[in-house]
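Visitor: Before we start, here is the structure in question, set down as structure tokens.
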Amino acid sequence: MPAAARPRRSVLYMPGSNARALEKGKSLPADGLILDLEDAVAPDAKAMARGQIAEAVRQGGYGGREILVRVNAPETEWGNDDIIAIATCGADAILLPKVENAATVQRIDEWMRDLGAPDTMALWCMIETPLGVLNVSEIAGATQRLGGFVMGTSDLAKDLHASHTPMRLPMLTALGLCMLAGRAHGLAMIDGVHLDLEDEAGFADSCRQGLELGFDGRSLIHPKQIARANEVFAPGAGEIDNARRIIDAHRAAVAEGKGVVVVDGRLVENLHVENALRIVALANAIDELESQAGG
């Protein structure tokens, strides 16, 4: 499916050291999985987790779910081996943590090419430090291989000495800057995690806020969060119906040689048609992905 229409409503972190979790990911209704070699894996389990992830991805069975592998930072003792193992395992993308400059992205892109990573394998970046946010514009344009940003709001809040508040006001400047840079370069945008698993109402509210800000979906820390993220970030039935009426009305107007069309009393311009096409494509892609659930 086109990258722009690929569902990314729910992207769940799965610890690479947990073989049962890697298997369970094949049946969860998440749009994507981040198989993690970094924060979720203890130092003495890094090598074992690396092998488990590479083998699990090679074996397949994840259906249409997007598979990202978060490697350790290249400057760590595990980072280089992670990239070597993952570059040709068949994952959809390598996710780099704590990216702070374009040079790092360009260097890893070149190395992936040398390792034989297919051109279809994307490189994603976590933006989770103040310096990364300040340099996000250059990072977003670093390479054609770049597929998206995942916001690391927990690390960012720590570095900012900021609080986790219900409205996430301390995060809005960083989220907005990253959104501007990402969308300017056509990248996918995934919002940060919600840490309180018992705060279901707060999670729902922050998902709706993320949708309003323009994010494609949410990174998650537990399967219990999948259903709500899928619900919030999916186009509603009324939104889909309205989009289809806009497309049909515009198509009819063009066929009649008219330059202006009105739907429900509102003037429809090309920008509305483009957004309507995006909504319908996303809805169709969600239907396709859900039909493949379970692999």
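The values are calculated or read from the model by the stated rules, or taken from the named source; none is laboratory data. A quick note: this is a predicted structure, and the numbers were derived from the prediction, not measured. As a convention, Cβ positions derive from the backbone with ideal geometry for all residues, glycine included, and neighbour counts pool all protein chains shown.
Visitor: Kindly provide the set of residues from segment 33-62 that are among the small types (G, A, S) and without any contact (Cβ under 8 Å) to a residue 60 or more places away in the chain, ordered by number.
Guide: Hits for segment 33-62 are A40, A42, A45, A47, A49, G51, A54, A56.
Visitor: Related question: Between a first residue in segment 223-251 that is under 29 Å from D264 (Cα atoms) and at pLDDT 95 or above and a second residue that is crowded, with 20+ Cβ neighbours inside 10 Å and hydroxyl-bearing (S, T, Y), which pairs have beta carbons less than 6 Å apart while being 6 or more apart in sequence or on different chains?
Guide: Sorted first by the residue in segment 223-251, then by its partner, the pairs are N230/S10.
Visitor: In the set A293, A281, A237, which member is exposed (fewer than 14 other Cβ atoms within 10 Å of the Cβ) and of a type in the set (G, A, S)?
Guide: Values: A293 fails: exposed (fewer than 14 other Cβ atoms within 10 Å of the Cβ); A281 fails: exposed (fewer than 14 other Cβ atoms within 10 Å of the Cβ).
One residue alone meets the criteria, A237.
Visitor: Looking at segment 244-258, is at least one residue surrounded by 13 or more Cβ atoms within 10 Å (Cβ to Cβ), in a loop (DSSP other than H, G, I, E, B) and more than 16 Å from the chain's Cα centre (by Cα)? I'd like the intermediate steps shown before the answer.
Guide: Step one: list which residues in segment 244-258 are surrounded by 13 or more Cβ atoms within 10 Å (Cβ to Cβ), which gives 244-250, 253.
Applying the additional criterion that residues be in a loop (DSSP other than H, G, I, E, B) yields none.
For segment 244-258, residues surrounded by 13 or more Cβ atoms within 10 Å (Cβ to Cβ), in a loop (DSSP other than H, G, I, E, B) and more than 16 Å from the chain's Cα centre (by Cα): absent.
Visitor: Considering only segment 32-45, how many residues are surrounded by fewer than 22 Cβ atoms within 10 Å (Cβ to Cβ) and modelled with pLDDT of 95 or more?
Guide: Start the filter on segment 32-45 by keeping residues that are surrounded by fewer than 22 Cβ atoms within 10 Å (Cβ to Cβ), which leaves 39-40, 42-45.
Now drop any that are not modelled with pLDDT of 95 or more, which leaves 42-45.
Going through segment 32-45 one residue at a time, the tally reaches 4.
Visitor: Still on this structure, I have one more. Quick check on segment 51-62. Is at least one of its residues under 26 Å from F215 (Cβ atoms) and at pLDDT below 95? Outline the logic, then answer.
Guide: Let us first name the residues in segment 51-62 that are under 26 Å from F215 (Cβ atoms), namely 53, 57, 62.
Now narrow it down to the ones that are at pLDDT below 95: none.
Taking every residue of segment 51-62 in turn, none turns out to be under 26 Å from F215 (Cβ atoms) and at pLDDT below 95.
Visitor: Filter segment 1-23 down to the residues that are farther than 17 Å from A91 by Cα and not in a loop (DSSP other than H, G, I, E, B), then identify the one that is nearest to the chain's Cα centre (by Cα).
Guide: The residue in question is S10.
Visitor: Here is a further query. Which residues, counting only those in segment 47-91, are part of a helix (DSSP H, G or I) and over 15 Å from A19 (Cβ atoms)? It would help to see each step written out before you state the result.
Guide: Narrowing segment 47-91 to residues part of a helix (DSSP H, G or I): 47-59, 79-86.
G79, N80, D81, D82, I83, I84, A85, I86 - these are the residues of segment 47-91 that are part of a helix (DSSP H, G or I) and over 15 Å from A19 (Cβ atoms).
Visitor: With respect to L211, is the statement that it is part of a loop (DSSP other than H, G, I, E, B) and within 30 Å of I67 (Cβ to Cβ) true?
Guide: Values: part of a loop (DSSP other than H, G, I, E, B): no; within 30 Å of I67 (Cβ to Cβ): yes.
No, not satisfied.
Visitor: In addition: In segment 92-121, how many residues are under 14 Å from the mean Cα position of the chain (by Cα) and of a type in the set (A, V, I, L, M)? Walk me through how you get there before you give the answer.
Guide: Of all residues in segment 92-121, those under 14 Å from the mean Cα position of the chain (by Cα) come to 92-97.
Then keep just the ones that are of a type in the set (A, V, I, L, M); that gives 93-96.
Within segment 92-121, residues that are under 14 Å from the mean Cα position of the chain (by Cα) and of a type in the set (A, V, I, L, M) number 4.
Visitor: Across segment 14-31, which residue is nearest to N275 (Cα to Cα) among those that are surrounded by 21 or more Cβ atoms within 10 Å (Cβ to Cβ) and touching a residue at least 60 places away in the same chain (Cβ under 8 Å)?
Guide: Looking at the filtered set, the residue picked out is D31.
Visitor: Taking the stated definitions as given, is D92 farther than 30 Å from P29 by Cα and at pLDDT 95 or above? I'd like the intermediate steps shown before the answer.
Guide: Numbers: farther than 30 Å from P29 by Cα: no; at pLDDT 95 or above: yes.
So D92 fails the test.
Visitor: Taking into account only those residues within segment 182-203 that are small (G, A, S), outside any strand (DSSP E or B) and in contact with a strand residue (DSSP E or B) (Cβ under 8 Å, 6 or more places away or on another chain), which is nearest to I226 (Cα to Cα)? Walk me through how you get there before you give the answer.
Guide: Looking only at segment 182-203, we keep the residues that are small (G, A, S), and these are 182, 184, 186, 188, 192, 201-202.
Okay, now just the ones that are also outside any strand (DSSP E or B), so 182, 184, 186, 192, 201-202.
Then keep just the ones that are in contact with a strand residue (DSSP E or B) (Cβ under 8 Å, 6 or more places away or on another chain); that gives 182, 192.
Working: G182: 24, G192: 14 Å.
For segment 182-203, the residue satisfying everything is G192.
Visitor: Residues that are among the small types (G, A, S) and closer than 20 Å to P7 by Cβ: does segment 53-61 have at least one?
Guide: Start the filter on segment 53-61 by keeping residues that are among the small types (G, A, S), which leaves 54, 56, 60-61.
Adding the requirement that they be closer than 20 Å to P7 by Cβ leaves 60-61.
Looking for residues that are among the small types (G, A, S) and closer than 20 Å to P7 by Cβ, one finds at least one in segment 53-61, hence yes.
Visitor: OK, next. What are the residues in segment 273-295 that are assigned to a helix (DSSP H, G or I) and among the polar types (S, T, N, Q), if any?
Guide: Here is the first cut: in segment 273-295, the residues assigned to a helix (DSSP H, G or I) are 273-291.
N275, N284, S291, listed by residue number.
Visitor: Here's something else I'd like to know. Pick from segment 172-188 the residues that are surrounded by 22 or more Cβ atoms within 10 Å (Cβ to Cβ) and hydrophobic (A, V, I, L, M, F, W, C): which of them is farthest from P235 (Cα to Cα)? Show your work before the answer.
Guide: Of the residues in segment 172-188, the ones surrounded by 22 or more Cβ atoms within 10 Å (Cβ to Cβ) are 174-175, 178, 182, 187-188.
Still in the running and hydrophobic (A, V, I, L, M, F, W, C): 174-175, 178, 187-188.
On the way: A174: 26, L175: 22, C178: 23, L187: 19, A188: 17 Å.
Out of the qualifying residues, it is A174.
Visitor: Is segment 264-273 home to any residue that is over 30 Å from L197 (Cα atoms), of a type in the set (G, A, S) and over 32 Å from the mean Cα position of the chain (by Cα)?
Guide: Kept after step one, since they are over 30 Å from L197 (Cα atoms), are these residues of segment 264-273: 264-273.
Right, trim to of a type in the set (G, A, S) and you get 265.
Then drop every residue that is not over 32 Å from the mean Cα position of the chain (by Cα), which leaves 265.
The answer is yes, given that some residue of segment 264-273 is over 30 Å from L197 (Cα atoms), of a type in the set (G, A, S) and over 32 Å from the mean Cα position of the chain (by Cα).
Visitor: Now, a different point. Quick one: what pairs do we get from segment 105-128, first residue assigned by TED's automatic domain parsing to the domain that holds I86, second surrounded by fewer than 23 Cβ atoms within 10 Å (Cβ to Cβ) and modelled with pLDDT under 95, C-beta under 9 Å, 6+ apart or different chains?
Guide: Matching pairs, first to second residue: R107/P74; I108/P74; W111/P74; A122/A3.
Visitor: Hey, another quick one. Kindly provide the set of residues from segment 43-91 that are among the aliphatic types (A, V, I, L, M) and under 17 Å from the mean Cα position of the chain (by Cα), ordered by number. Lay out the reasoning, then the answer.
Guide: Narrowing segment 43-91 to residues among the aliphatic types (A, V, I, L, M): 45, 47-49, 53-54, 56-57, 67-69, 71, 73, 83-87, 91.
The answer is I67, L68, V69, V71, A91.
Visitor: How many residues are surrounded by 15 or more Cβ atoms within 10 Å (Cβ to Cβ) and more than 17 Å from G148 (Cα to Cα) if we restrict to segment 91-112?
Guide: Here the count works out to 1.
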